[in-house]
Amino acid sequence: MDHTIPTKKKPDQVRANTEKKVTGSVAVVGLGYVGLPLAILASERGFRVRGFDVDSRKVHALAEHQAPFLSKEEARQFKETRMEVGDDESILEDADAYIVCVPTPVNEAHEPDLAPLVEASRAVGAYLHKGALVIIESTVDPGACERVALPILERESGLTAERDFFFAHCPERINPGDGTWNVRTIPRVIGGIGKQSLKRAVALYRSLIDAPVKAMASIREAEAVKMVENAFRDVNIAFVNELAMSFSRGGIDLLHVIEGASLKPFGFMPHYPGCGVGGHCIPVDPYYLIRYGHENGFEHRFLAAAREINNDMPRYTVDLLERTLGEAGGGRPLDGSSIALLGLAYKRDVPDLRESPALAIRRILEERGANVRTFDPLVPGESTHVSLELALKDAAAAVIATDHSVFRTLAPEQFEKSGVRIVVDGRNCLSKEAFERSGIAYRGIGR
Ligand SMILES: NC(=O)c1ccc[n+]([C@@H]2O[C@H](COP(=O)([O-])OP(=O)(O)OC[C@H]3O[C@@H](n4cnc5c(N)ncnc54)[C@H](O)[C@@H]3O)[C@@H](O)[C@H]2O)c1
């Protein structure tokens, strides 16, 4: 089953930017999933590019053109890219534009952690000069660019925004692993601290990307756009996860229901249930919006409920497994059982473990006494087993936590020949009908 969200347009349908291109030098601060593809693109578009990252090991790897988190196509482009990378702040000297792409995570208590943004702003501020443009791409709550980054830039540089240097926010929308929409083709929104900042930032992005660039009325509105997009995903996924838990009690297959509802040509957009929400964006960004609400005396009850539901899906998945094992054998079914956990990454065909629900599933299984065998071909270092066959061999059950391509084609026979009698498909990526015809007990999320 393909659970890709349908998009309204194809990249070749979006209007190309035809205006006069700007050139010069760009310093990208933070060379991860967001910063590195942008740096590669800037270099391809003729900018002189430097990349700064505080992670020395990563910088050394990048200097050798090693970046396992890039897609195949990006990795190919990276090999042909000329850019200077470094972990020494002096690399920030004298750039025309600074683009900040550092992480904006939450801590254990789900509180936003802006420390990397503070640090990056300090480093850029120390090298900022008259006429330069600073753009924050990192995802932040409305107001944070002006409240956190801007005062540091002004203090460190002794310059004033809009008069001496230019300051804008262009939230990143990249979707790692997406073969269609990428840093070149995704339309962008930009907010500036003033008219000149906005004008220069829009001109820069129109020179970089092929897609439309929309000028927003303020930085706050640009920040809010990104918050809304990701909160929209989170609440809709929470909605279908809640439906999954409810409908499965009455024997309704939610996937069939979503298929039916999707026939309506307007007013419905399918979202799909699963064993949890991961990555650096969807499970993180709503907490930034919740914090924004608190700071303005408002309680985002809906967002908080969505977070709670989605955070609870790994537990629901393990409960589902435990119940199914119990139906088969009774007793304390997880204690001492070998369970194969297939997939550790948070989403299909990427090696990213950040906020992955698979890690929560592993922890809960272990807490309940299971002997967990993990296999993820994209994250071999975290896998206890080097092959699917070895992970499955004589396991009491298998849980699919990531719908990597290699798992999506698994047939009941592959489980049967290893002695696996129960499959919990946390991504609803296998054919329920094929498993029902076999002797294996199959459970999906909401089906
Ligand atoms: N990953 C995504 O899918 C995605 C999509 C859209 C937006 N975003 C947002 O983009 C931002 C970056 O995310 P990412 O996924 O690229 O993170 P990442 O962890 O992959 O990369 C961030 C990089 O910044 C470096 N870094 C940290 N502090 C630094 C500092 N003070 N100076 C220089 N480098 C520093 C880290 O070492 C790391 O290499 C976040 O705000 C995120 O919410 C991410």
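The values are calculated or read from the model by the stated rules, or taken from the named source; none is laboratory data. Note that the structure is a prediction, hence the values are computed from the model and not measured. Cβ placement follows ideal geometry from the backbone for every residue including glycine, while neighbour counts extend to all protein chains displayed.
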- request: Only one of these is more than 9 Å from the ligand (Cβ to nearest atom) and over 24 Å from ALA215 (Cβ atoms): ALA115, ALA126, ALA132. Name it.
  value: ALA126
message: Can you list residue pairs whose Cβ atoms sit under 6 Å apart, with the first residue in segment 248-261 being at pLDDT 95 or above and the second being hydrophobic (A, V, I, L, M, F, W, C)? Count only pairs 6 or more apart in sequence or on different chains.
response: LEU254/LEU243; LEU254/ALA244; LEU254/PHE247; ALA261/PHE268
message: Restricting to segment 44-78, give me the number of residues that are under 24 Å from the mean Cα position of the chain (by Cα) and assigned to a helix (DSSP H, G or I).
response: 13
query: Given (1) more than 27 Å from PRO283 (Cβ to Cβ); (2) in contact with a Pro (Cβ under 9 Å, 6 or more places away or on another chain); (3) touching a residue at least 40 places away in the same chain (Cβ under 8 Å); (4) surrounded by fewer than 20 Cβ atoms within 10 Å (Cβ to Cβ), where does ARG354 come up short, assuming only one miss?
result: (1)
field: Test for SER338: is it under 19 Å from TYR442 (Cα atoms) and either at pLDDT 95 or above or charged (D, E, K, R) (or both)
entry: yes
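Each row is one residue, and each column tells you yes or no for (1) modelled with pLDDT under 95; (2) in contact with a helix residue (DSSP H, G or I) (Cβ under 9 Å, 6 or more places away or on another chain); (3) in a strand (DSSP E or B).
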position	(1), (2), (3)
GLY131	no, no, no
GLU146	no, yes, no
LEU150	no, yes, no
GLU154	no, yes, no
PHE167	no, yes, yes
ILE186	no, yes, no
task: Confirm whether ILE361 is in the same structural domain as GLU242 (by TED's automatic domain parsing), within 16 Å of the ligand (Cβ to nearest atom), closer than 24 Å to LEU243 by Cα and surrounded by 14 or more Cβ atoms within 10 Å (Cβ to Cβ).
output: no
- prompt: Do the conditions hold for GLU242, that is, is it touching a residue at least 60 places away in the same chain (Cβ under 8 Å), assigned to a helix (DSSP H, G or I) and not assigned by TED's automatic domain parsing to the domain that holds PRO142?
  reply: yes
task: Kindly indicate which of LEU342, LEU325 is touching a helix residue (DSSP H, G or I) at 6+ places or on another chain (Cβ under 9 Å), surrounded by 22 or more Cβ atoms within 10 Å (Cβ to Cβ) and touching a residue at least 60 places away in the same chain (Cβ under 8 Å).
output: LEU342
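Results for (1) within 15 Å of the ligand (Cβ to nearest atom); (2) under 27 Å from VAL202 (Cβ atoms), shown as yes or no for each residue.
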site	(1), (2)
LYS58	yes, no
ALA61	yes, no
GLU64	no, no
GLU74	yes, yes
THR81	no, yes
GLU84	yes, yes
ILE91	yes, yes
ASP96	no, yes
ILE99	yes, yes
- prompt: Which of the residues that make up segment 418-447 are closer than 20 Å to SER337 by Cα and basic (Lys, Arg)?
  reply: ARG421, ARG443
message: Where the second residue is assigned to a helix (DSSP H, G or I) and near the ligand (Cβ under 9 Å from one of its atoms) and the first is farther than 24 Å from PHE247 by Cα and lies in segment 271-295, which pairs have Cβ atoms under 6 Å and are six or more apart or on separate chains?
response: CYS281/ASN230; ILE282/ASN230; ASP285/ASN230
statement: Taking segment 385-417 and keeping only residues that are among the basic types (Lys, Arg) and more than 13 Å from GLY343 (Cβ to Cβ), one is left with LYS393, LYS417
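To keep it simple, each residue is scored yes or no on (1) within 17 Å of the chain's Cα centre (by Cα); (2) surrounded by fewer than 18 Cβ atoms within 10 Å (Cβ to Cβ).
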| position | (1), (2) |
| --- | --- |
| SER207 | no, no |
| ALA211 | no, no |
| SER218 | no, yes |
| GLU221 | no, yes |
| VAL225 | yes, no |
| ALA231 | yes, no |
| ASN241 | no, no |
| SER246 | no, yes |
| GLY250 | no, yes |
- request: For residues that are among the small types (Gly, Ala, Ser) and in contact (Cβ under 8 Å) with a residue 12 or more places away in the chain, scanning just segment 328-339, find the one that is nearest to ALA244 (Cα to Cα).
  value: ALA328
Yes/no for LEU198 being crowded, with 23+ Cβ neighbours inside 10 Å, in contact (Cβ under 8 Å) with a residue 60 or more places away in the chain and within 26 Å of GLY125 (Cβ to Cβ): no
Members of segment 137-175 that are touching a residue at least 24 places away in the same chain (Cβ under 8 Å) and within 9 Å of the ligand (Cβ to nearest atom): GLU137, SER138, THR139, VAL140, PRO171, GLU172, ARG173, ILE174
query: of a type outside the set (S, T, N, Q), within 23 Å of ARG291 (Cβ to Cβ) and assigned by TED's automatic domain parsing to the domain that holds HIS129 - does that describe any residue in segment 230-237?
result: no
Of all residues in segment 256-305 being aromatic (Phe, Trp, Tyr) and more than 24 Å from the chain's Cα centre (by Cα), the one that is nearest to the ligand (Cβ to nearest atom): PHE298
- prompt: Only one of (1) surrounded by 15 or more Cβ atoms within 10 Å (Cβ to Cβ); (2) touching a Ser or Thr at 6+ places or on another chain (Cβ under 7 Å) fails for PHE268. Which number is that?
  reply: (1)
